[in-house]
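Q: Dumping the structure here so I can ask a few things about it.
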Amino acid sequence: MFKNILIVSIFFIVITAKAGEAIDNLEYKMAQSKGADRVNLLCDLCWEYRFISGDTALVYGNQALELAKQINYNKGVAQAYNDMGIIHVDRGSFINAMDFFNKSLIIRKKLNDSAGIASLYNKIGIVYQKQGKLKEALENAIQALKIYEVLKQDLWIGYCLNNIAIINYNIGDLSTSLGYHQRALVIRKKRNDQYGEAGSYSNIANVFLDMGDTALAIANYQKALQITRQIKHDESTAVMLTNLGAVYLSLGENHRALTFLTESLEIREQLEDQKAIASSMLKLGTVNMNLKRYREAGVFLYKGLKIAKSIGVIEEEMQAYLEIAKWHAQQHRMDSAFVYLDYYTITKDSVYDQRLNQQIIDTQAKYDSERKEQELTLLQQENKFAEISLKQRQTEILLLVFIIISLVGAGIFLFYRHRQKQKLELDLSIIQHNEQQIKAVLEGQEEERRRIARELHDGVGQSLSGVKLKWESISETIKSDSLRESLQNLSGLIDGAANEIRTISHQMMPKELEQFGLVAAIKGIADNSENLGKIACSFNHHNMNDRLSQPLELGLFRIAQELINNIHKHAEATTVNIQLLRRKKNIVFIVEDNGKGFNYEQKKGIGIGLMNIESRVHGLNGVLNYESKVGEGTLVTIRIPL
């Protein structure tokens, strides 16, 4: 009787500890059984293997079904359909489950098995509930309740009331849900069903929580907690402690939340429930983060992530990535925050793809079932062909009118669309022309820089080297010590001029950029800034192992040069932080200083440096953003699509 009832409640227990002993006992008995007894034993094996292997359970269920059909044992046929339907519910194959339950229901109605009929109505309601068909779920749950009330089976009346309350809760009818939970609570108290009583208090607390009455929610969670402590049900006690901790966390009462969540974690660690341990650790990490205890928060969050990954619990793993990203962000470690936010997004996308694939499979199965029903309906309606033909002619007339109206509407739509397309093409050509002009200007500038750099290096630089050599040969012929010393000083000036020419040539076309790439070139800018002794310059980069295209690297290098030069000239800063990040679809370049700041809106049309930066960003199809206030430094963020 008990295995024929599938119960949905906030509390559920899967008992597997003694499954091995039960299976061994059943298989021993089956070797000596025949007929109906063998069918019953096969059904029992199907049920017991439910907790171990769904595939094996279905094998025993099918054996029970075939044998029951051979010996015309209808009760056994109904039981086999019933048990295999439950296995399919566990697997999420709701269409197959519904098919088995309906076949079992037909047989039980013929046998006038009231308890079995009520059990199947209850299961069918649960399947509808899992499919989101709440109206049908409610109808079947009420049917089951009516039968159990006639049979005066208080245990199952309480569970039916509980299920109906949960369905109304999912519909959003909270007041009705609360009423059914309170009725279930009265029956469970009457039966002294303490476990069920605790479940009702917990469900009532959930309803009050959705109603916004946290005080009553906490009061009912406390009642449930008191009962679970009395009956020494540690798993349920941990759940209640977690619920109370979550409520206090939402209220901002972090110290209270910390107390309940800590006790819950201790119990779950004793039970070795890894999924629950991971969930508790993540909540404790959030609480400690709210209390600014960042070290403790980090320990809990990373432990929770490790456990979630080890047992393959995706929801907890996603939550861990998100909370760790927040943890890094609160400590201003934005690079790490971006990395864990990326992990969260990637995991979320993979979960979405898995669920989408499952939905496609379910939809295909539903489509096949509906197609068979449609084919049967068409066969049954062949005798109405004449009436259908008449309606078809009427439909054709209406369809013709609709087509004419649609053609007129389509013509108007195409006309306006053509005009809009022409305007769009004109705008696009103007934009492309402007972009080509900007690109040509930038390319011309870079070519001119290269030419000047070559001239300085190969022309002026070589000339100065020649002058130095000639000067040194002349100075060797002079015997006067004082005159020779003056000439040596002049030689030092020539060296300084040659070094200055070489530095200018390298700035205009740096070797680091051509030979080693953007990261090395920007690091060179930062090092040069440090060497000047005025500004401490740090440079961080992420995911920049591969080189970018030559125009993109050159453009970003020039932008970096211009920004650092502006900081040296105008910002009066002591520290500069440069960040270069490669994301999936774009490059993010950030430069932040602690200088005196400026009003960007006032300066953007005046400063040549600012206009050069804007032109280069626009030429790379990027987005430029300045965040600056007078006296508070400047933050420049540039995003360029890859």
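Q: Arranged from highest to lowest average of other beta-carbon atoms within 10 Å per residue, in what order do the peptides 97-106, 149-158 appear?
A: Descending packing order for the listed peptides: 97-106, 149-158.
Q: Which one, 137, 112, 157, projects farthest toward the positive side of the charge dipole computed for the stretch 87-171 from Cβ point charges (K/R +1, D/E -1)?
A: The residue sitting most towards the positive pole is 112.
Q: Which whole number of Å³ per residue matches the convex hull of the alpha-carbon atoms in the stretch 515-641?
A: 98 Å³
Q: Further question: Using mean Cβ contacts within 10 Å as the protection proxy, how do 423-430, 185-192, 236-243 order, highest first?
A: Top of the packing list down: 236-243, 185-192, 423-430.
Q: Provide the packing ranking of 626-633, 247-254, 315-322, i.e. peptides ordered by the mean count of other C-beta atoms within 10 Å per residue, highest first.
A: Result, highest mean first: 315-322, 247-254, 626-633.
Q: By how many nm would the segment from residue 421 to residue 106 grow when fully extended, if each residue of separation counts as 0.36 nm and the alpha-carbon distance is taken off?
A: Gain in length upon complete extension: 107.1 nm.
Q: Would you mind estimating how fast the stretch 239-321 diffuses translationally, via Stokes-Einstein at 10 °C and 1.306 mPa s with the Kirkwood radius over Cα pairs, in µm²/s?
A: 129 µm²/s
Q: Could you tell me which of rounded, prolate or oblate describes the stretch 157-262, using a ≥ b ≥ c as the square roots of the eigenvalues of the alpha-carbon gyration tensor, with rounded for a/c under 1.5 and, failing that, prolate when a/b is larger than b/c and oblate otherwise?
A: oblate
Q: In debye, nearest 20, what is the charge dipole magnitude of the stretch 515-641 about its Cα centre with +1 on Lys and Arg Cβ and -1 on Asp and Glu Cβ, if you could check?
A: With only Lys, Arg, Asp and Glu charged at Cβ, the dipole is about 340 debye.
Just so you know, all these numbers are worked out from the coordinates, no wet-lab data involved. Values in this document were obtained by computation on a predicted structure and should not be read as measured data. Don't worry about glycine lacking a Cβ; one is built from the backbone with ideal geometry, like all the others, and counts go over all protein chains shown.
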